[in-house]
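Encoded as structure tokens, the structure appears first; notes follow it.
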Amino acid sequence: MTKACKTLVIQNKLGLHARAATKLAQLTQSFKSEITVQQGEQCVNAASVMCLMLLASQQGKSVEVCAEGDDAEDALVAVSELFEDRFEENE
Amino acid sequence: MQISELLSPDCTKCAVEGASKKRLLETISQIVAPKLSGITRHDIFESLINRERLGSTGIGLGIAIPHGRLAKASHPVAVLLTLDEPIEFDAIDNQPVDIIFALLVPESEHENHLQTLAAVARRMNDKDCTRALRNADTDNALYQLFIGEGEDKPCN
């Protein structure tokens, strides 16, 4: 089992709102690895939209994303891209 | 912002006949329209349906959070419904939904919106809370539960 972590910054204007959280959860569910998102003390399962929304992550917030499993490296690359791509939002 | 500032007793209804996703969004629009001056039922429905077209707001575990932004809204308005029978909602886990928290918000206020979503998620993520919501048999009982009252305060 591989574990990989990376600090990512929420870049989109609206933050981790419902649609962004849904995209992250769907991406997470497409990998075998367990993916978690930690913001401060709170660490949540990225496969759950509900849990991701608990974070109320605004634009500019840093979160620590960890993937653990056989495809952890690939999962982390894909999640990083989604963050970089501002969750496919324009701003 | 507290949930009790967004949700009023007359926007909380239990055992609603859901029928279909479209029908449900119409019901929500009908409930919200009188709360927002200068905004019609049609404006609200369009806002909700346009958001669903971007991806379902069925967030899993039988819960949906349809929402929309309205340029002319002076304040946010929430609606809480439980359904008599679960309906298909194209949810992320493909499960039908029977608890609906709808939210109509003014165009700006991104941070408030995130805080509201977190407050809703905190309740919906708690099995004791969702069980109690599903079992609520009057509109008022449902309202009291969601704002954090009721016996044992399961949603507090």
* To do: Calculate one ³J(HN,Hα) per residue across the stretch A:49-54 by plugging θ = phi - 60° into the Karplus curve 6.51 cos²θ - 1.76 cosθ + 1.60, and present them in order as whole Hz with x for glycine and proline.
  => 4, 4, 5, 4, 5, 4
* To do: Could you pull out which residues in the stretch A:22-50 have an amide N less than 12 Å from a spot 7 Å beyond the Cα of A:Asp70, following the Cα-Cβ vector?
  => A:32-33
* How far is it, in nm, from the label point at A:Asn90 to the one at B:Arg23 when both lie 7 Å from their Cα along the line to the Cβ? -> 3.6 nm
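Can you give the calculated 222 nm mean residue ellipticity of chain B, where each DSSP H run of n ≥ 4 adds -39,500 (n - 2.57) and the sum is split over every residue, rounded to the nearest 500 deg cm²/dmol? Could the numbers behind the result be given before it?
Working: 6 runs with 61 residues, N = 156.
It lands at -11500 deg cm²/dmol.
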* To do: Please report, as a whole percent, how much of the solvent-accessible surface of the stretch A:2-88 comes from carbon and sulfur atoms (probe radius 1.4 Å).
  => 42 percent
* Distance-filtered residues of the stretch A:1-28 - backbone nitrogen under 14 Å, label point 7 angstrom along A:Ala78 Cα→Cβ -> A:23-28
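R0 = 51 Å: FRET efficiency of B:Glu109 with A:Met1, Cβ-based, nearest 0.05?
Working: r = 42 Å, r/R0 = 0.83.
Computed FRET efficiency for B:Glu109 and A:Met1 comes out at 0.75.
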* Asked: To the nearest Å, what is the center-to-center distance of the stretch B:86-156 and the stretch A:27-67, using C-alpha atoms only?
  -> 21 Å
* Structure fact -> Residue-ordered couplings for the stretch B:122-137, obtained by feeding phi - 60° into the Karplus form 6.51 cos²θ - 1.76 cosθ + 1.60 and rounding to whole Hz (Gly and Pro as x), are 4, 5, 6, 7, 9, 4, 5, 5, 5, 4, 5, 4, 5, 8, 4, 10
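Considering only protein heavy atoms, what per residue accessible area in square angstrom results for chain B with a 1.4 angstrom probe? Before the final figure, lay out each step's value.
Working: 7210 Å² over 156 residues.
Per-residue value: 46 Å².
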* Structure fact -> Contact-by-burial set, the stretch B:38-60, min loss 30 Å², accessible area of protein heavy atoms with 1.4 Å probe, reference chain alone, gives B:Arg51, B:Leu54, B:Ile59
* **Reach of A:Lys6 by Cα under 18 Å, taken over aspartates and glutamates that are not fewer than 8 positions away in the same chain** => A:Glu34, A:Glu41, A:Glu64, A:Glu68, A:Asp70, A:Asp71, A:Glu73, A:Asp74, A:Glu81, A:Glu84, A:Asp85
* Structure fact -> In order over the stretch B:85-101: 3J(HN,Hα) from phi, Karplus 6.51/-1.76/1.60, θ = phi - 60°, whole Hz, x for each Gly or Pro, gives 9, x, 10, 5, 9, 6, 5, 4, 9, 6, 8, x, 10, 9, 10, 10, 10
* Could you give the dipole magnitude of the stretch B:17-87 about its Cα centre, charging the beta-carbon of Lys and Arg +1 and that of Asp and Glu -1, in debye to the nearest 20? -> 300 debye
* **Isolated Cys in chain B, by beta carbon distance under 4.7 Å** => B:Cys11, B:Cys14
* In square angstrom, rounded to the nearest 10, how much accessible surface does B:Ser20 have for a 1.4 Å probe? -> 50 Å²
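The values are calculated or read from the model by the stated rules, or taken from the named source; none is laboratory data. These numbers come from a predicted model, not from an experiment. Quick reminder, even Gly has a Cβ in these numbers, built from the backbone with ideal geometry, and neighbours come from all protein chains shown. Side chains included, ligands, DNA and RNA excluded: accessible areas come from the protein's heavy atoms. Shrake-Rupley method; radii C 1.70, N 1.55, O 1.52, S 1.80 Å.
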